[in-house]
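Structure first, then comments.
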Amino acid sequence: MNDLIEFLKSVELFNGLNNKELERIVESLERVKYHDGDFLFKQNEPRDAIYIIRSGEVELFDVDANGKERRLVVFSQGDFLGEGVLSEGTKHSTSARALTEVVVYKIHRDKFKDAGEITMKVFSNVIRVISRRMRYANSKADHSAAQYYSGLTRVEHDLLGNKEVPAGAYYGVQTLRAVENFNISGQKLNFYPLLIDALAMVKKAAALANNDLGLLDDKVCNAIVKACDEILNNKFHFHFVVDMIQGGAGTSTNMNANEVIANRALEIMGYEKGQYEYCHPNNHVNLSQSTNDAYPTAVKIALINTTEKLIPALEDLIDAFAAKGREFAHVIKMGRTQLQDAVPMTLGQEFDAYAATLREEVVRLRQNAELFKEINMGATAIGTGINADKDYPPLVLKHLRQITGMDLKLAGNLVEATQDTGAFVIYSSAVKRLSVKLSKISNDLRLLSSGPRAGFNEINLPPMQPGSSIMPGKVNPVIPEVVNQIAFKVIGNDLTVTLAAEAGQLELNVMEPVIVQSLFESIDMLINGMNTLNYKCVSGITANEEVARNYVAHSIGIVTALNPVLGYETCSALAKEALRDNRSVYDLVIEKKLLSKEELDKLLAPEHMLKSRSLRKK
């Protein structure tokens, strides 16, 4: 009983309950054990209980419109789920699944019915938790002042003086100044969780290396490591509030991470936020580092991991085009060059080509992302390693390799590596190349589906929405259109990366924040765009076989198939006459007795026109 009461006191849900009330809660608990992979509850199931985690880890995830799972957060000891059970008749909006062996205590809804005062206290805590979650959710769409919620504050100081920081915030005074100074893009660090995760990885590795060197004691190191692990489990992300575009070469981003980690580490050690004498953002969390090595290293790790999100979306789209290639393998149509009739092909060949050209980009993206595995940890300010122990670089590299699972390596020249942004330039070019190909394919889809009466009308795109406020019945190719626009934005971002890389001066490129913002924005848009193109367009395309076949039958272009037998001059004259008199090439060849019907039918058979064959005389 005493053990459980002490445990419940650490759970936010039961703040304000006295020991007698906690005893009643303990009597209501049901202990349940789950194995790795077991579901605690599933999305859309009725809520029936609150789940309090005693040990192990549980992931909370939802399923998006395309049926893909999206992890939201990982919960561990002391966390609780399903608090919405206090509102009757509600369903789970997410699913919860055990990641390890998990022990939870469940409190069923009916246990609260006859516990009036206890229920009110718990309900009050639930309201506070939900209110906080909503506040952070709204801050993504609201103006920068959204974080200045009323309530207690703490006073922090920096080089410029004292400033009041919201008491509940894990960030500190330097982050607050950055928020005030850089209300620029509206895109906060928390828009890009993999970047936050990478910052936590770098800080964790630095703490472990400094502990190995005896520069950071065990207590502080362990608290920093635990704070970083919690961030890696998707906690505290909404306290990363600095704008992605900022002055200072990323210092504001680095300090946002340092302050959040320091304040969470202070809590873990039993102190209050802001008691930096016990764990300081600069002296402890940023020990042996500078923004100029920690920030670009985190960015590179994040871009490698982001590439591993981009490539599956690309591969799914490739599979969708390849599937349509197989489906349309029998559909004869006219190929076109310069928007003029060329020679026959199949619609399947056209879609196979889309799959093939995109498949090249998987290789290119992976090759270019490999460049990010060279990092400059230990360089500190300009690459000379000032304020870092001589043994720090290999140690922090060792820990970072273990934490990330990546084959990272230190740059041979840290001064060069600290100022060079060439890897970002070449990676951006690969992202641009992918977007150019996607835009070209989208152009083709719009042309092939144009009409339906006065265009090509060879394929039908899935109708997604009415196309006009004035023209009844009109349906536009809105999905390829939006992919075109994504491509334009990515191409523009690539130019931004190029100009920012060129703008570097002497020992540092201070323009890295706009490089970072441009790359992450481009990748995010491409992932969303490719998923949209796949699930809302390509997968639902159908062929108008008769229309496509008629184009072939009435095309002048089939005369090309007669070239090897009749010669270029004769075929040119046939094409000219057919076009002038609106006659078919087929009829003219028979009429002029240039070939017999049997010979002509054989030459114009699909199997002869759709692939190469031997032209040598036997």
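The values are calculated or read from the model by the stated rules, or taken from the named source; none is laboratory data. Predicted, not measured: the structure shown is a model, and the values here were computed from it. Glycine gets a Cβ as well: all are built from the backbone with ideal geometry, and neighbour counts include every protein chain shown. Accessible surface areas use protein heavy atoms only, side chains included; no ligands, DNA or RNA. Shrake-Rupley method; radii C 1.70, N 1.55, O 1.52, S 1.80 Å.
Numerical summary
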{"item": "Identity of the residue in the stretch 368-385, in a helix (DSSP H, G or I) and touching a residue at least 40 places away in the same chain (Cβ under 8 Å), that ends up most open to solvent (accessible area, probe 1.4 Å)", "result": "371"}
{"item": "Near pairs, Cβ below 7 angstrom, 6+ apart or cross-chain, from the stretch 230-246 (farther than 12 Å from residue 256 by Cα) to any residue that is surrounded by fewer than 20 Cβ atoms within 10 Å (Cβ to Cβ) and among the polar types (S, T, N, Q)", "result": "233/76; 245/185"}
{"item": "Segments classed as strands (runs of 3 or more DSSP E), wholly inside the stretch 62-120, with at least 3 members that are at pLDDT 85 or above and either within 20 Å of residue 16 (Cα to Cα) or touching a Lys or Arg at 6+ places or on another chain (Cβ under 7 Å) (or both)", "result": "102-108"}
{"item": "Some residue of the stretch 447-470 being buried (at least 17 other Cβ atoms within 10 Å of the Cβ) and within 23 Å of the chain's Cα centre (by Cα)", "result": "no"}
{"item": "Residues that are outside any helix (DSSP H, G or I) and touching a strand residue (DSSP E or B) at 6+ places or on another chain (Cβ under 9 Å), drawn from the stretch 513-553", "result": "541, 542, 543, 544"}
{"item": "Test: residue 110 is open to solvent by 80 Å² or more (accessible area, probe 1.4 Å) and under 30 Å from residue 527 (Cβ atoms)", "result": "no"}
{"item": "In the stretch 386-419, the residues that are closer than 16 Å to residue 203 by Cα, open to solvent by less than 70 Å² (accessible area, probe 1.4 Å) and polar (S, T, N, Q)", "result": "404"}
{"item": "Of residues in the stretch 207-264 being aliphatic (A, V, I, L, M) and part of a loop (DSSP other than H, G, I, E, B), the one nearest to residue 180 (Cα to Cα)", "result": "242"}
{"item": "Considering residues of the stretch 581-607 that are in a loop (DSSP other than H, G, I, E, B) and more than 12 Å from residue 558 (Cα to Cα) only, the residue most open to solvent (accessible area, probe 1.4 Å)", "result": "593"}
{"item": "Every residue from the stretch 10-28 that is open to solvent by 60 Å² or more (accessible area, probe 1.4 Å) and closer than 17 Å to residue 120 by Cα", "result": "15, 16, 18, 19, 20, 23, 24"}
{"item": "Some residue of the stretch 326-339 being surrounded by fewer than 17 Cβ atoms within 10 Å (Cβ to Cβ), modelled with pLDDT of 95 or more and under 23 Å from residue 398 (Cα atoms)", "result": "no"}
{"item": "Among the residues listed as 302, 313, 356, 322, the single one being out of contact with any strand residue (DSSP E or B) (no Cβ under 7 Å at 6 or more places or on another chain) and within 27 Å of residue 409 (Cβ to Cβ)", "result": "302"}
{"item": "Evaluation of residue 365 against (1) under 27 Å from residue 524 (Cα atoms); (2) of a type outside the set (Val, Ile, Thr); (3) open to solvent by less than 40 Å² (accessible area, probe 1.4 Å); (4) modelled with pLDDT under 95 (one fails), failing number", "result": "(4)"}
{"item": "Qualifying residue in the stretch 246-262 (condition: over 27 Å from the mean Cα position of the chain (by Cα) and either closer than 22 Å to residue 404 by Cα or not polar (S, T, N, Q) (or both))", "result": "yes"}
{"item": "Members of the stretch 176-205 that are of a type in the set (Val, Ile, Thr) and more than 30 Å from residue 308 (Cα to Cα)", "result": "179"}
{"item": "Sole exception among (1) in contact with a Ser or Thr (Cβ under 8 Å, 6 or more places away or on another chain); (2) open to solvent by less than 10 Å² (accessible area, probe 1.4 Å); (3) not aliphatic (A, V, I, L, M) for residue 238, by number", "result": "(2)"}
{"item": "Any pair with Cβ under 7 angstrom, 6 or more apart, that starts in the stretch 343-357 at a residue that is in contact (Cβ under 8 Å) with a residue 40 or more places away in the chain and farther than 24 Å from residue 575 by Cβ and ends at one that is assigned to a helix (DSSP H, G or I) and among the β-branched types (Val, Ile, Thr)", "result": "354/441"}
{"item": "Near pairs, Cβ below 8 angstrom, 6+ apart or cross-chain, from the stretch 590-618 (at pLDDT 65 or above) to any residue that is surrounded by 14 or more Cβ atoms within 10 Å (Cβ to Cβ) and assigned to a loop (DSSP other than H, G, I, E, B)", "result": "603/595"}
{"item": "Matching residues, the stretch 270-307, being in contact with a Cys (Cβ under 8 Å, 6 or more places away or on another chain) and open to solvent by 10 Å² or more (accessible area, probe 1.4 Å)", "result": "271"}
{"item": "Matching residues in the stretch 530-573 - criterion: being more than 38 Å from the chain's Cα centre (by Cα), more than 15 Å from residue 588 (Cα to Cα), among the β-branched types (Val, Ile, Thr) and open to solvent by 60 Å² or more (accessible area, probe 1.4 Å)", "result": "565"}
{"item": "Flag if residue 196 is open to solvent by 50 Å² or more (accessible area, probe 1.4 Å) and in contact (Cβ under 8 Å) with a residue 40 or more places away in the chain", "result": "no"}
{"item": "Residue 442 of a type in the set (Gly, Ala, Ser) and over 25 Å from the mean Cα position of the chain (by Cα)", "result": "no"}
{"item": "Residue within the stretch 425-448 that is modelled with pLDDT of 95 or more and touching a strand residue (DSSP E or B) at 6+ places or on another chain (Cβ under 8 Å) present", "result": "yes"}
{"item": "Contacts under 9 angstrom Cβ, first residue in the stretch 146-166 being of a type in the set (Phe, Trp, Tyr), partner at pLDDT below 85 and part of a loop (DSSP other than H, G, I, E, B), 6 or more apart", "result": "149/168"}
{"item": "Residue in the stretch 285-303 that is free of Cβ contacts under 8 Å to residues at least 12 places away in the same chain and not in a loop (DSSP other than H, G, I, E, B) present", "result": "no"}
